[in-house]
Every structure is written in C-alpha cells, then in structure tokens.
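The values are calculated or read from the model by the stated rules, or taken from the named source; none is laboratory data. Given the structure is predicted, the values throughout are model-derived calculations rather than measurements. Quick reminder, even Gly has a Cβ in these numbers, built from the backbone with ideal geometry, and neighbours come from all protein chains shown. Remember, those area values only see protein heavy atoms, side chains included, never the ligands or the DNA or RNA. Shrake-Rupley method; radii C 1.70, N 1.55, O 1.52, S 1.80 Å.
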Amino acid sequence: VLQVKNVIRPRYYSSELGIREKLFIGVMTSQEHINTFATAFNRTTAHLVNKIKFFIYADSVKTNYKLKNIVGFTDTRESRRPFHVVKYIADNYLDEYDYFLLVPDTVYVDARKLVKLLYHMSITFDLYMGGARIGLDPAGSASADGQSNEPPANEEEAPGTSDRNYCSLEAGILLSSSVIRKMRNNLERCVRIGSTSDHSVNIGRCVKYASRVAGCQESFQGMRQYSYSLDAPGRRHRDFSELAKEEAFRNASTVYPVQTPEDFYRLHAYYSKHHLEKVQERGYALEQKSYRIANGSISNKILEIRWPLGVPPPSAPETRHDILTWQLLNGTHSFLPHGNAEHAVAPLSRIEALDFAKVLEIALQYAALKHPRLSYHSLHSAYRKFDATRGMDYQLHLSLQEGSGRSRRLLVKSFEVVKPLGRVEVVPSPYVTESTRIAMLVPAFEHQVPDALQFVEQYERICMQNQDNTFLLLIFMYRLDSPSKGDEDPFKALKTLALDLSSKYKTDGSRIAWVSIRLPEQLSNPVDPQDWLLHASMYGPRQLLSLVVADLALPKLGLESLVLLATPGMAFKADFLNRVRMNTIQGFQVYAPIGFQMYPCRWAQFCRECDTCDVSQSSGYFDRRNHDVIAFYSRDYVQARKLLHPQGLPIIRSDLDIDQLLLQPGEETRPPGVESILDMFVAAQHSVHILRGVEPNLRFGQDVRNHLARGGSLPESQPERCGREQCIHLASRKQIGDAIIRYEDRSILHK
C-alpha cells in the first residue's frame, strides 16, 4: 500500500506560482547624506517602487535617523562595499523581486518611467543595463570620467572580461535577479578581481565573470534605458526649465549627478508634470476614440460609454428609501440640507462655499468656450447630489446674456459638472484588542437615584456575572445642604448595593466604587424629575457638568485608563462595550456613539414597547444631539483640557472650582459652543480623531419610561433652555400626524 504524503503548500499563491515584485532599489549613501540626499531620494522615489534600501558604513551608526530603511556594514573597505550590497540583496530579497537597481545617492530616478520599461522586458534573460558606459584600456589608463583604474595583477583574464564596456554606477546599474544569483555564487572570485577604487569596474568585472554577459547593455529586447548627465558640456548651471525642453531629458529614467537635495524635488516636479500631461493626452485620445467607435449607432448599454469616461454611473436605488435627492443651492445657502426637514435653509460651510465657487468658475470657463457670443449674467439655480460610488454631481443653470442695449435678452443654459471620487485609501490605525479594561463613569443627581439603581442591576447582569473586564465608578452629585452619611443620605441605597455587589464578586476582581461631588449653591436647588425628562442630556440645562465629572473622577483612575462616560438612564449590551474597546484608541481616536432614543410607547400608545426588538422608525430614533456617552483615554482628555485651560475653560481640581466653569459666556472668555466633552475635544483641535456612529445596542429613554411607570407625568410646556434641538421626541412625525388627523376627523374617530 502506497503511503500518501500530505503536500505542504505555501501560504500565498504568489509564493507557489513564483510571482515576484518588479523593482528593488539599493542606494549607496553615507551617514553625512542620510538627512539630506538620502531623505530627498526616499521622498521622491519610495512611494513609486516596491522596495528601497539605503546602504552605509556602520562603524559609528546612529539609531535616531528619521529614515528607517537603512542597512549598515561594519567592513569599511571601500572596494568591498558593492559586494556587501550584492550579498545582502541575494540573501534577503533575491526571490522576491525581478530587477535590482544599484545607484548612489546623487541620482534622481524617474521611477514611473523605469517601472513601465521593466514591464516590457522578459525576466528569463540575464540583464546588465545602464545608461552610461565606462571602461579601461588594456594599458590601464584613465577611464572616461578621469579616474585611474589599475587591472588586477596576477589574475588570468576569463573570456569576455576585458576592462571595457562597463555600466557606470554614477548613472545607475540595472541587474536582473538571475545576474544577482550568479554574482552571489561567484562572490569570492568577484572580490579578488574587483580590487579597484571604482565601483563601476568592480561590479562590471563580477557581472562579466559570473554571467558571461559581454558588457553593459544599452538596449534589451527593443527597450532602452536612457540616462541624462548634468555634468555634460553645456548643461552645467543651466536651469531645469531649459533642460526640460530637451528630448533627451524627457526620455531619461535617471538623471545624475544631482548637486543639492532641493534639486531632487525640482526634478520630481518636472517629471511628474510631464507624466501628468502624458496621462491627460492619452485620456483625451481614448475618449475621442470611444466616441468615434460608438458613432451613435450602437447603444451605450452595450458599449458602456458614459460621461465622463471612467467614472461609474449613478447608483440605482434598491427601494424608495435609497433614492439620492438633489439639493438646491445658491452661492451662500443650501435648502433642505441633508434631507432634514427641521432646517429649511442652512448656510454653506467655508469648505462647501469654496468648493461651489470653484465648480462655478469651471462651468463659466466652459460656457465661454462653448458660447463665445454669450456673457455671464447671474446664477439661475444650482443643484448637487453626492453618490458614494461616483462622487459629487452638480447641475448648474446659468443666465447668459446675448446682445446689449434694447436687443439684450437672457438665455438659461444648463451645465453638468462631476467631481469623481479619487483613489480610496484605508486610513491606518493602531492595533487594538477587545481585552482592554473599561472604566465606566456613571454620574447621578439626587433625583436620578432610582434610575441609577436600575443601571447598577443592569451592570451586574451584563458585566459582573459574565466577568467582563470592566470597572464601575459612580459619581454622586450632592446638593450643598444634603447629608452624605446616615439614613438621610440620598445615595444610601446606591452605596449599599455597590458594597454588596463588590463583596459578592470580590473573587472575580469586579468591584464598584464611588466619588462624591458637592455642587455649589447656585446648582443646589431641588429638581423636580419631570422638569429634566424632556432634555436630551441627563444633565438637563447644565451639560457643562460633564466636564466637572470627568475632571474630578479621572485622578482616581490614572492616565492610561480607557474611560466610558455613561448615564444612569441608558441601556446597553455587551457588544457595545466591545465596540468601545475597538473604536477608542489611545493617542489616535475618541469614540462618541449615537444612541437610540426610545419613545414612551405605553404613554403615547403609538407603538409597542419592546426593549429587545430591533431599532425601527416607529419605536424611536438615533439622537445626534445627545453627547452624554463618550469613550476616551484619560491621557487624551487631559491633553485636550490643558489646551483649552488658557482659553477660559479652567480645569476643575476640587468642588470649590465648579463656580469658575459654570459662569455665563458673557462673563468670561469661555470658548463658544463648548457644552460637553465632545465639544471640548472639537474646540481643542487635538490630534486625536473623533469617531461618531450609530449604535443600536446603546439605548436611551429608559428614565422616561420608568418615571411614567411610577405614576409620574410629563411637563405640559417645553422646559427652559431645552430648545427644539435639545429636547427628546415622544413620537415620530408620522405618528403625530396620524393622531391629529384622527382627532380632527370625528367620523374616523368614532370608527
């Protein structure tokens, strides 16, 4: 019986099929040039090639270079340097790349042109190519660049290894992987015959001996690599704008020697502009060719020729809810912005106004070319629509004037402008896991004790029983004259429950602690629970107290803690905590979820109350105005607070400092618009990102339901400072409209 052995396959298809990247660039530089020439080389080339490494001597290598892709050699013998480079490349990257380019740090490489050239060559042949050639005569006289190079003594010259026709390293030497492999196999012999002070000769002798290539190849398979020497007669000290007019300059893939690091950026600008012009010419030619092929006789559904070419067509909506609406604009305002009926008109932001002005300018330029006899009079109307698969579409209706005087008349011409999406890039972010410990801060006023008790019971069920890696810190907001001990303590029930649960789950490491804050006299008036129910925020009209809570509680946690500021009236699931861990990144991102505000269904009788059901339009809405719940790292919060401290937003270090923060904006220089921790992060212009997103597993409105279930009622009028945007909704517009119709139509009501 034959034993069948398991076939061990590589992890990637590319390894199994032998697919390799195209180009590796090895730059021979020095420690003195790392922060100048090498950095300029890296910034103009690294993003256009597959791999780049810089090789230096490592006799006294520093480790604080900003450039990280550096390799150092301890052998400081100059003649051996290229062979160390070849050995390093062969040992580490031989099977990963097809071609290897060796250059000094004074060569500018037009990587776009070079990579395109390499894709037209076959990798099955040995390649030893350069844009310039040097050599030694049989007597060992000076080479073309004026350097004296003596041939090795007492060495038998192998066939095809005459000291002529070498590629010059000053212009760059291009080698195939097969040549590098042969050089590595004959490296000892190469070291013996490559004893001159000229790297070009040493590399050339090694290539000729190892691969039997006759000499430097200026062209291969009909393709040619051009180099442009800035040291040639008539080119020294000439401006690049003049050199750019030469055909030889535009065709070159390497330019040498570059005199200053700034010249790298100038050369890169000229060649990038040249490539951009070529791309635009090819795009225009392709567009005209496509239109000629169509010629109006074949349906565009077959040819898929659309305007503009290369841009996806508008996405087709799956349902009526997915229809993308056009938004009416003028030069300063938008009408029904974002489909929000609460605001009929909204001013354009600075970015939107600049964008619209640019679009209008382009449309006017096109109108002048299309209708030279007409002059611009005014903007009749404009519409825009954003499609996530296509980009931003504009429709502009311009009033153009024809003639003058009494014969003048206005014509309305329509133009369509498209701003297609560019290349989509994934924003890199640090690595995070779902094992981080969350410190939950839950503040509570005296009238919110019943809701806080229910929250602690919920916390025990979701976190403590399942041994979730969390810690609960309760913040008790005492009025100035309220006792904090004894039976009259308004938070006694909460303290007792916290101690009992901490003792119950002590072996699991779960515990509940608390911090007490004594409010100033102006905030110590008794609060009727129904007065704050309609506020979106648990702090009612005092949202700035969220900053007080964070300032006074964070010293108990430390700077490395992941903090989730919560509310006693919210309901959550374990999945929400995992999203907090994944979306809150220290030094990088703050997470402010948008919770789902539930309607009081039993009270309004417009919907069916269900805490475990999926979110729906009939049961509630995502409340963008509620900023109470936010997750951040303590260090990021402290840094942002320090940025705003000199601007009139003082840091609260004790209960006595609360008065300073709660002064009215007219009485001090507090930054405008700062009412919550989220506003504070925005105003601080901190380096961290702010992520907002809907969170169906975070729900608000439980406090309203509990208050009504305990026999309470809602206020008859809208509370002060609540405002249209900061009050919660008790039902949807559709539900209220149906109720009004049924109330007004008595015949329907009696049915």
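The figures follow:
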quantity: Any hit, region 482-503, residues being open to solvent by 80 Å² or more (accessible area, probe 1.4 Å) and in contact (Cβ under 8 Å) with a residue 24 or more places away in the chain; calculated: no
quantity: Selected residue [of a type in the set (Asp, Glu) and within 22 Å of Asp263 (Cα to Cα)] from Glu78, Glu16, Glu21, Glu32; calculated: Glu32
quantity: Filtered residues of region 404-424 (kept if in a loop (DSSP other than H, G, I, E, B) and loosely packed, with under 12 Cβ neighbours inside 10 Å); calculated: Ser404, Arg408, Gly422, Arg423, Val424
quantity: Residues of region 591-640 satisfying the condition of being acidic (Asp, Glu) and at pLDDT 85 or above; calculated: Asp623, Asp628, Asp636
quantity: Trp532 vs. criteria within 15 Å of Asn626 (Cβ to Cβ), over 38 Å from the mean Cα position of the chain (by Cα) and either open to solvent by 20 Å² or more (accessible area, probe 1.4 Å) or hydroxyl-bearing (Ser, Thr, Tyr) (or both); calculated: yes
quantity: Selection from region 168-214 of residues that are open to solvent by less than 10 Å² (accessible area, probe 1.4 Å), part of a helix (DSSP H, G or I) and of a type in the set (Ser, Thr, Tyr); calculated: Ser177, Ser200
quantity: Filter result for Arg437 (in contact with a Ser or Thr (Cβ under 8 Å, 6 or more places away or on another chain), basic (Lys, Arg) and more than 29 Å from Gly587 (Cα to Cα)); calculated: no
quantity: Qualifying residue in region 425-438 (condition: modelled with pLDDT of 80 or more, under 30 Å from Val563 (Cβ atoms), of a type outside the set (Gly, Ala, Ser) and open to solvent by less than 20 Å² (accessible area, probe 1.4 Å)); calculated: yes
quantity: All helices (runs of 4 or more DSSP H) inside region 650-751 with 2 or more residues being within 26 Å of Val548 (Cα to Cα), at pLDDT 70 or above and of a type in the set (Gly, Ala, Ser); calculated: 677-684
quantity: Residues that are of a type in the set (S, T, N, Q), at pLDDT 90 or above and open to solvent by less than 90 Å² (accessible area, probe 1.4 Å), drawn from region 362-403; calculated: Ser375, Ser378, Ser381, Gln395, Ser399, Gln401
quantity: Neighbours by Cβ (under 6 Å, 6+ apart or cross-chain): first from region 102-126, open to solvent by less than 40 Å² (accessible area, probe 1.4 Å); second among the β-branched types (Val, Ile, Thr) and assigned to a strand (DSSP E or B); calculated: Leu102/Ile173; Val103/Val27; Asp105/Val27; Val107/Thr254; Tyr108/Val255; Val109/Thr254
quantity: Test: Val49 is surrounded by 19 or more Cβ atoms within 10 Å (Cβ to Cβ) and of a type outside the set (Gly, Ala, Ser); calculated: yes
quantity: Complete set of residues in region 249-267 that are open to solvent by less than 40 Å² (accessible area, probe 1.4 Å) and under 12 Å from Lys113 (Cα atoms); calculated: Ala252, Ser253, Thr254
quantity: Subset of region 29-46 that is in contact with a Leu (Cβ under 8 Å, 6 or more places away or on another chain) and polar (S, T, N, Q) - its residue that is most open to solvent (accessible area, probe 1.4 Å); calculated: Asn35
quantity: Selection within region 638-660 - open to solvent by less than 10 Å² (accessible area, probe 1.4 Å) and either out of contact with any strand residue (DSSP E or B) (no Cβ under 9 Å at 6 or more places or on another chain) or closer than 18 Å to Val432 by Cβ (or both); calculated: Arg641, Leu644, Leu649, Ile652
quantity: Tally, over region 91-102, of residues that are of a type in the set (A, V, I, L, M) and at pLDDT below 95; calculated: 1
quantity: Subset tally (residues that are open to solvent by less than 10 Å² (accessible area, probe 1.4 Å) and closer than 24 Å to Asp451 by Cβ) for region 573-583; calculated: 3
quantity: Per-region count, region 245-265, residues charged (D, E, K, R) and not in a loop (DSSP other than H, G, I, E, B); calculated: 4
quantity: Residue check for Met464: surrounded by 17 or more Cβ atoms within 10 Å (Cβ to Cβ) and in contact with an Asp or Glu (Cβ under 8 Å, 6 or more places away or on another chain); calculated: yes
quantity: Any hit, region 446-463, residues being in a strand (DSSP E or B), under 21 Å from Leu562 (Cα atoms) and at pLDDT 90 or above; calculated: no
quantity: Residue under evaluation Glu21, criteria (1) without any contact (Cβ under 8 Å) to a residue 60 or more places away in the chain; (2) surrounded by fewer than 17 Cβ atoms within 10 Å (Cβ to Cβ), criterion not met; calculated: (1)
quantity: Among residues of region 446-460, those that are open to solvent by 10 Å² or more (accessible area, probe 1.4 Å) and closer than 25 Å to Ser524 by Cα, counted; calculated: 8
quantity: Subset of region 215-229 (residues that are open to solvent by less than 20 Å² (accessible area, probe 1.4 Å) and either assigned to a helix (DSSP H, G or I) or of a type outside the set (Phe, Trp, Tyr) (or both)); calculated: Gly215, Cys216, Gln225
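The rows are residues; the columns are (1) modelled with pLDDT of 80 or more; (2) over 20 Å from Leu421 (Cβ atoms); (3) open to solvent by less than 60 Å² (accessible area, probe 1.4 Å).
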residue	(1), (2), (3)
Ala294	no, yes, yes
Ile298	no, yes, no
Arg306	no, no, no
Arg320	yes, yes, no
His333	yes, yes, no
Pro337	no, yes, yes
Asn340	no, yes, yes
Arg350	yes, yes, no
Asp355	yes, no, yes
